[in-house]
Amino acid sequence: MFHHTDIKNIAYVGFGGVLGALLRYGFFELTYGLVSIFIINIIGSFLLGILMYSTEFGYVNPYFRVFVGIGFLGSLTTFSHFAFQSYIVFTHSLAIFTIYIVLNILFAILSIHFAKTVFLLISKGGSV
Amino acid sequence: MISPILLVGIGGFIGAVLRYILTGMLIHKSFFPIGTLFVNFIGSFFLALTTFSIDSDFVLHFINIGLLGSFTTYSTFSYESFKLLENGQVRYFWINVITNLLLCIGGVFLGYMIANLL
């Protein structure tokens, strides 16, 4: 299932990664902090949810899935900057830290759940 | 001076490919998503280490934003966590969420401590 030594897959992941990193960089140049990291991670999660449920039902080209899912959305979203900013806020306010963590985990789950709901609605409509 | 866009782009390429290869090697070892946990921990640790020890625009764009930003991922973490819930593996869901939070935020603290020794 994971052809992670296939050079074609590696190229698709890499170029998807370039696009994801640049879009994240552009967004972080406008605004960098707890809120912008949250927004980019949750939007990226929702889009990955749409892609993966489409894949599960057999509608997606495997190279497209690797390019967008692992490359682009994998790189657009980031755990290291989330963890870093969470640590910084932890040293300032335990209350804000706790709220931030709870919201991030809650919306991580809700974003995929919402993606699944949207996907099922669209596919039932027969437009896929 | 090299353009920040070029540095972020090249870093993003390397980070995504490294993540793909490493998680691909680890994904069959366990039905618990250990690959994502591993790259997120390593990436969080190095982000803190470089941020707290090196003050350079080159490192900021190439390593911190490009490479480590892309090496770690939140979207796959969300998807894998949701799948554990969907499959009724509630205990593994909590283990996944808590180990990612503890190891990655702990990894930042570890990077900060080591940067202070340098």
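Values in this text are rule-based calculations from the coordinates and carry no lab data. Just so we're clear, the structure is a prediction, and the values are computed from it rather than from any experiment. Ideal geometry is used to build each Cβ from the backbone, glycine not excepted, and the neighbour counts take in all protein chains shown.
Taking a ≥ b ≥ c as the square roots of the Cα gyration tensor eigenvalues, with a/c under 1.5 meaning rounded and otherwise prolate when a/b beats b/c, else oblate, which class fits the stretch B:43-108?
Because a/c hits 1.5 or more and a/b fails to exceed b/c, the stretch B:43-108 counts as oblate.
For chain B, what is the calculated [θ] at 222 nm in deg cm²/dmol (nearest 500), taking -39500 (n - 2.57) for each run of four or more DSSP H residues and dividing by its residue count?
Taken over chain B, the calculation gives -25000 deg cm²/dmol.
Taking other Cβ within 10 Å of each residue's Cβ, how do A:Glu56, B:Glu80 sort, fewest first?
The most exposed by this proxy come first: A:Glu56, B:Glu80.
From the square roots a ≥ b ≥ c of the eigenvalues of the alpha-carbon gyration tensor of the stretch A:63-103, which class results: rounded (a/c under 1.5), prolate (a/b over b/c), or oblate?
It comes out prolate by the Cα gyration axes.
Let me confirm one metric for peptide A:53-59, namely the mean number of other chain beta-carbon atoms within 10 Å of its residues' beta-carbons.
Shielding by partners across A:53-59 averages 0.
Only counting other Cβ atoms within 10 Å, I'd like A:Thr78, B:Thr50, B:Thr76 sorted with the fewest neighbours first.
B:Thr50, B:Thr76, A:Thr78
Could you tell me whether chain A comes out rounded, prolate or oblate from its Cα gyration tensor? Rule is a ≥ b ≥ c as square roots of the eigenvalues, rounded for a/c under 1.5, then prolate if a/b exceeds b/c, otherwise oblate.
Here chain A falls in the oblate category.
Give the angle, between 0 and 90 degrees and rounded to the nearest 10, that separates the Cα long axis of helix A:7-30 from the longest principal axis of the Cα atoms of chain A.
40 degrees
Kindly rank A:92-99, B:93-100, A:108-115 from highest to lowest mean number of other beta carbons found within 10 Å of each residue.
Highest-to-lowest ranking by the protection proxy: A:108-115, B:93-100, A:92-99.
Shielding by partners for A:102-112, please: the mean number of other protein chain Cβ atoms within 10 Å of each residue's Cβ.
Counting Cβ atoms of other protein chains within 10 Å of each residue's Cβ and averaging gives 4.
How many angstrom lie between the C-alpha centres of the stretch A:57-119 and the stretch B:104-118?
Comparing the Cα centres of the stretch A:57-119 and the stretch B:104-118, I get a distance of 23 Å.
Helix B:4-26 versus the longest principal axis of chain B: what is the Cα-based angle in degrees, 0 to 90, to the nearest 10?
30 degrees
Let's see if you can work this out: charge +1 on each Lys and Arg Cβ, -1 on each Asp and Glu Cβ, no other charges. What is the dipole magnitude of chain A about its Cα centre, in debye to the nearest 20?
180 debye
With everything on Cα atoms, drop me the angle between helix B:75-86 and the longest principal axis of chain B, reported from 0 to 90° to the nearest 10.
10 degrees
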